[in-house]
Amino acid sequence: MRKKLYQREHNTLAEDKLTVKKLEFNHRKNKEQDHTELLDSSAKSFNYQDCKGEYWNPEKFSLLYGTPLWDQASANERVLLNQIYWVAYYAQIISAEIATIFFNQTAAAGLFGLEDFRLVCETLDFESMQERAHIDAFKVIGEQFEEEVFGERIFTYPMRPYFYETMIFQKTNMIKKFWKSIQLRSYSLLSSGNAFIGCQYLTVRGLRTLNGKIVQHQLSKYYTDHEDKENAPIPSKVSYYHFMDESYHFNSSNIIGSDIIKNLKKPTAFESFIANLGIKGTLKDHSNFNISVNGIFWYEPAIFETLLKLLTTKVFGMSEKDAIHILKECFTKENQGIVEAFETHQTALESYRNYLSNIEYVSKSNKNGGAMNKTSIENYLTENRRQFFEFERKKNVA
Ligand SMILES: [Fe+2]
Ligand SMILES: [Fe+2]
């Protein structure tokens, strides 16, 4: 007997009713509670003068919190360190979200070639639209802050294409940067033409969002715990609105990268290889921790120069010699900041392991945390000491 047209060759998404229901619910809720307008109006009405005297995050989310620099900072300087954390943190999120918008689109292109994937694609389209509003709000606030306080860029940067290194402060060089951009471009080609890789991108996105979720939930608390919400500093509102949108993005990453992927044909050896390479790279990207902005996995020595520039501005008014001295204290000797940043890293590692544990194609070493396993306070200090020695030598102050 001939098959009817609607009888499919293998399991289809429409047959997985529970997953479709989850996805529909998540998409509908996200649209209902969408924070785009609130973010746009917050960015429009942001005026640094209105909130210059107040923290924008809970205190422990301040630049170099728990370090000797923090201990010796005046109350005014602490407010600034808290606000700079906000600007630096979201400068990193802008970079990640520029890439997200692009890969949402290539993944959707790959997935639309399958039956029943319209809802998945529309979910991704809607999220990309939200990411643009997120980027706008972070950028307007970060740039106005740096313009008014320093008169120049410290952590912000002009818009840039998706194939730049996603981590702003990374252990890299020109060759590695070039290679990374080739990898990212090849991955985008693969994901736009291959449903499995397209779906798998959402697994990687889920990992990255998971890290964001851990920190952004805490950042949003400044607003949720604020006694006078209406008059809370606008950046703290932006943290909250953003976290609200992102919680839906995390759910959809989870549904697409863990549940929907099960409905696809089993990956070929090549597809599994590419997929594991993507996860391995993410785990490698997250194998550093830093105490400058606890919660982002930047490579600390890559930030030395920026912090020196920051501390020698008129605002902090340090001489180069004094600034180098205090940075050395912060980065080469154990302190509370290091303990706390390492803790954040370990929490992320644990949650990544959980997240990857049920995904079939993921290799054993990736399931175990890949390069993140080697991270320790001891290695962090050894690397910092070596790099700081070089840094001092270049500055001729050793
Ligand atoms: Fe976002
Ligand atoms: Fe997102």
extent check for segment 13-172: Cα max minus min per principal axis, descending, whole Å, gives 62, 37, 29
Per the helix-only model, the chain has a calculated mean residue ellipticity at 222 nm (DSSP H runs of ≥4, -39500 (n - 2.57) each, divided over all residues, rounded to the nearest 500) of -21500 deg cm²/dmol
Taking protein heavy atoms only, a 1.4 Å probe, and rounding to whole percent, the accessible area of segment 19-395 owed to carbon and sulfur comes out at 53 percent
For segment 225-312, inverting the pair-averaged 1/r of distinct alpha-carbon atoms gives a Kirkwood value in Å of 17.3 Å
Across all Cα atoms of segment 267-355, Rg and the largest Cα-Cα distance (Dmax), in Å, are 17.8, 59
Of the convex hull drawn through the C-alpha atoms of segment 234-387, the volume per residue in Å³ is 136 Å³
Flagged as over-length at 25 Å C-alpha distance, from LYS139/LYS321; LYS177/LYS367; LYS21/LYS265; LYS237/LYS280; LYS229/LYS314, the pairs are LYS139/LYS321; LYS177/LYS367; LYS237/LYS280; LYS229/LYS314
Along principal axes, largest first, the alpha-carbon spread of the chain in whole Å comes out as 86, 47, 31
Excluding residues fewer than 8 positions from LYS171 in its own chain, the aspartates and glutamates with Cα under 15 Å of it are ASP285, GLU300, GLU305, GLU383, GLU390
accessible surface per residue for the chain, probe 1.4 Å, DNA/RNA/ligands not counted, whole Å² -> 47 Å²
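The values are calculated or read from the model by the stated rules, or taken from the named source; none is laboratory data. None of these values were measured; they are calculated from a predicted model. Accessible surface areas use protein heavy atoms only, side chains included; no ligands, DNA or RNA. Shrake-Rupley method; radii C 1.70, N 1.55, O 1.52, S 1.80 Å.
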